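The values are calculated or read from the model by the stated rules, or taken from the named source; none is laboratory data. For clarity, every value in this text was computed on a predicted model and none was experimentally measured. No Cβ is skipped: glycine too gets one built from the backbone with ideal geometry, and neighbour counts run over all protein chains shown. Quick note on the areas: whole protein, heavy atoms, side chains included, nothing else; ligands and nucleic acids left out. Shrake-Rupley method; radii C 1.70, N 1.55, O 1.52, S 1.80 Å.
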Amino acid sequence: MNGLAVLVPAFNEGPSLPALIRELVAQGCPLRHILVINDGSGDDTLAVARSLGVATLDLAIRLGIGGTVQAGYRWALERDFHWAVQVDGDGQHDPAALPALLGAAVATAGDMVIGSRFVAARGGYRSTWLRRLGIAWFSGLIRFVTGRRIHDPTSGMRLVGRRLMKSFAEHYPADFPEPETLARILAAGYTVEEVAVCMRERGAGRSSIDSVTAVYYAVKVTLGVVLGAVAGRLERRRHAD
Amino acid sequence: MPTDITLEQRLLFGFLALALIAFVARLMHRRQVDLQHAWPWVLAGLLAAVLAAFPAVLVTGARLLGFKVPSNAAMSLAITALVFLVLVQSVAIGRMQRDVRDLCQRMALLEAWEDEKKR
């Protein structure tokens, strides 16, 4: 069985990839354990990834972050990886945090370890006040529906074990998946830990959330968290029976 | 109950009903839509054409349903039908999205295995 798969979802991240892959290799990740998932990029993302010698997955059409990361989990499962961690292709996630995430997963036998911006006071890039407000809202909502406080429910830097890989390979939301999946897995009884990390400003590219999609994001994710918690409770009951 | 439906109104709605049927038929002929998904529109066009030709059907039907004004009955039924149609289409779209995602991922995964064999 292989150790840790590093899943790098990438949409038009050609300029950011070389530096990211160098940092991952510097942390001890073998090139064949790093998977760049090209989500229908219009630039040279795929060519850059192939030239760097990493594994690649080239999606024929744009699936969005949910479909892209899910494809990564399926890839990792097929190759018997024990853990998989998402590191975004835009350079926001610092690979220097990987040892801490993996260490926490091994020490606690947790199903998921989140790289969190808000567990402890850390330096690094601060997102806008609107995003911080959204994060606080979803953190409170997840606590309300699951009883568990997650400080950074929107962080995409998440390390998961095989149990969750199998679950996510079957079902993963198409967009803004982090809060919704958290609510579901917490309600279903999976263990989730948080480790303090520093996030960086994105190296290139733009955010998928602008002022127009912010409203859709707020409504859709709120509903997703509530319904996800319900689905998680039903899943827990099914396993108990 | 007000029952004055003018000849002009009947001609207009009759024309619109036939235009809808003709448009949907053209889409089907060009294979842009299957009958499997187009039949509600064909049925709606036929029903509208019948009501335009025989407005007494609408008047009697409205009375039986308790509506004071036939046009209110027509609007209520049309809105209910549209809501149901949209819901059914949402379900269909969701199923197709899942299928497309699965196929896309499977294709990419197969290609990845091929690449790894070559290396």
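Quick look at the values:
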read-out	value
About the Cα centre, charge dipole magnitude for region B:1-75 (Lys/Arg +1, Asp/Glu -1 at Cβ), debye	140 debye
Chain A, dipole about Cα centre (Lys/Arg Cβ +1, Asp/Glu Cβ -1), debye to the nearest 20	660 debye
Rg/Rh ratio calculated on Cα atoms of the protein assembly as shown (Kirkwood radius)	1.13
Chain A: most fluctuating residue of A:Gly40, A:Gly147, A:Gly161 per GNM, C-alpha cutoff 10 Å	A:Gly147
Peptides ranked, highest mean first, by Cβ atoms within 10 Å: ranges A:82-88, B:65-71, A:93-99	A:82-88, A:93-99, B:65-71
Mean separation of Cα contacts under 8 Å, 6 or more apart, over the residue count of region A:24-103: relative contact order %	30 percent
Backbone N within region A:67-111 under 18 Å of label point (7 Å from B:Trp113 Cα along the Cβ vector)	A:71-81
Rounded accessible area per residue of the protein assembly as shown, 1.4 Å, Å²	55 Å²
Within 10 Å of each Cβ in A:52-61, the average number of Cβ atoms from other chains	4
Computed Kirkwood radius, in angstrom, where 1/r is averaged over Cα pairs of region A:137-240	14.6 Å
Nearest-10 value in Å² for the accessible area of B:Cys104, using the 1.4 Å probe	10 Å²
Average beta carbon contacts from partner chains per residue of A:74-82, 10 Å cutoff	2
Average Cα contact separation per residue, chain A, under 8 Å, 6 or more apart, as relative contact order %	23 percent
For region A:51-162, the fraction of alpha-carbon pairs in successive 10 Å shells from zero, as %	12, 37, 37, 13, 1
Accessible area buried between chains A and B, both sides summed, probe 1.4 Å, in Å² to nearest 100	1500 Å²
Separation between Cα centres of region A:152-179 and region B:7-69, rounded to whole Å	48 Å
B:Val50-A:Leu223 FRET efficiency (beta carbon distance; Förster radius 25 Å; 0.05 resolution)	0.05
Added length on full extension, which subtracts the Cα-Cα distance from 0.36 nm per residue, B:Thr6 to B:Asp34	6.5 nm
Net charge over other residues, Cβ less than 12 angstrom from the Cβ of A:Thr191 (K, R count +1; D, E count -1)	-1
Descending semi-axes in Å of chain B, equivalent ellipsoid built from Cα gyration tensor	47, 17, 8
Structure-based [θ]222 nm, the protein assembly as shown - -39500 (n - 2.57) summed over DSSP H runs of at least 4, per residue, nearest 500	-20000 deg cm²/dmol
Shielding by partners - mean other protein chain Cβ count within 10 Å, residues of B:101-114	6
Inter-probe distance in nm under a simple model that places probes 7 Å from Cα toward Cβ, at B:Ala25 and A:Val106	7.3 nm
Percent carbon-and-sulfur accessible area, the protein assembly as shown, ignoring ligands, DNA and RNA, probe 1.4 Å	63 percent
